[in-house]
Amino acid sequence: MCGRFALTVDPADLQDAFPEFAFPAQGAPRFNIAPSQPILALPNDGANKADFFVWGLIPSWAKDPTIGSHLINARAETLAEKPAFRSAYKYHRCLIFADGFFEWQAQPGMKSKVPHFIRLKSGAPFAFAGLWEHWQHADGSEVRSATIITAEPNELMATIHNRMPVILPRHAYAQWIDPTPLFPIALKSLLVPYPAGEMDAYPVSTLVNSPGNDRAECVLPA
């Protein structure tokens, strides 16, 4: 799964990295983004404009928005089957921006796990494949939420965990956020592990275990 990630880049630098998109000017560096918090996502609504969504998908048909806490990730293998995801997979896809994510590695004979920070070797920001939805309160107000798609791990991630978030290559962005409804057969080839040779991972402090810790020390090598 992917339960924490980071977006530490300055908004101006993020805009420079993705000049084809529009980003909010505000936004402090985030070193430990946790479920239920705002995440920066770009929906496939044709506007090419990113905004903040709640992390944890709330399907439009949900009676209780707390369902989102159980839907922070969506398995690539079952997107077309699960009621919570199959409509969004066809109609509501998004890019979720990050420059690293965390995963916890089990240690033989130990209950505690070692957190790792995983990023591109270049240090550049990137985008996860995501799904988004809009959910309406009884009072008419709307919540826009999103989930991160996960897949089987690449060779690097397999030494840490048995899943990894889907990082889309740049050439796949246009297809993924195409506003046209797309069927699984057109998208399946995009939902694969990112090349391990382009990624880096290292242990970090257990500070990241608490979502209350959102500071630079979370992403520094332990």
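The values are calculated or read from the model by the stated rules, or taken from the named source; none is laboratory data. Every value quoted in this text rests on a predicted model; they were computed, and no experiment measured them. Cβ: placed from backbone, ideal geometry, glycine included. Neighbour counts: every protein chain shown.
Taking the conditions exactly as written (loosely packed, with under 13 Cβ neighbours inside 10 Å and aliphatic (A, V, I, L, M)), does Ala158 satisfy them or not?
It is false that Ala158 is loosely packed, with under 13 Cβ neighbours inside 10 Å and aliphatic (A, V, I, L, M).
Give me the residue from region 60-72 that is aliphatic (A, V, I, L, M) and surrounded by 20 or more Cβ atoms within 10 Å (Cβ to Cβ) and, out of that set, nearest to Gly100 (Cα to Cα).
Top of the filtered list is Ile72.
Taking region 18-59 as the region of interest, how many residues are of a type in the set (A, V, I, L, M, F, W, C) and exposed (fewer than 15 other Cβ atoms within 10 Å of the Cβ)?
4
Search region 171-188 for residues being out of contact with any helix residue (DSSP H, G or I) (no Cβ under 8 Å at 6 or more places or on another chain) and loosely packed, with under 12 Cβ neighbours inside 10 Å, and hand back the single one that is farthest from Ala41 (Cα to Cα).
Ranking the candidates gives Ile185 first.
Among (1) farther than 27 Å from Pro203 by Cα; (2) out of contact with any Ser or Thr (no Cβ under 8 Å at 6 or more places or on another chain); (3) part of a loop (DSSP other than H, G, I, E, B), where does Ile58 come up short?
All conditions are met except number (2).
Quick test for you: out of Glu20, Glu77, pick the one residue that is in a loop (DSSP other than H, G, I, E, B), at pLDDT 95 or above and among the acidic types (Asp, Glu).
After ruling out the rest, the residue left standing is Glu20.
Look through Ala6, Ala41 and report the one residue that is over 13 Å from Ala146 (Cα atoms), part of a strand (DSSP E or B), within 14 Å of the chain's Cα centre (by Cα) and touching a residue at least 24 places away in the same chain (Cβ under 8 Å).
None of the others qualify; the one that does is Ala6.
Cβ-Cβ below 7 Å, separation at least six or inter-chain, first residue in region 111-134 and surrounded by 20 or more Cβ atoms within 10 Å (Cβ to Cβ), second among the polar types (S, T, N, Q) and part of a loop (DSSP other than H, G, I, E, B): which pairs?
Listed pairs, sorted by first residue: Glu133/Ser60.
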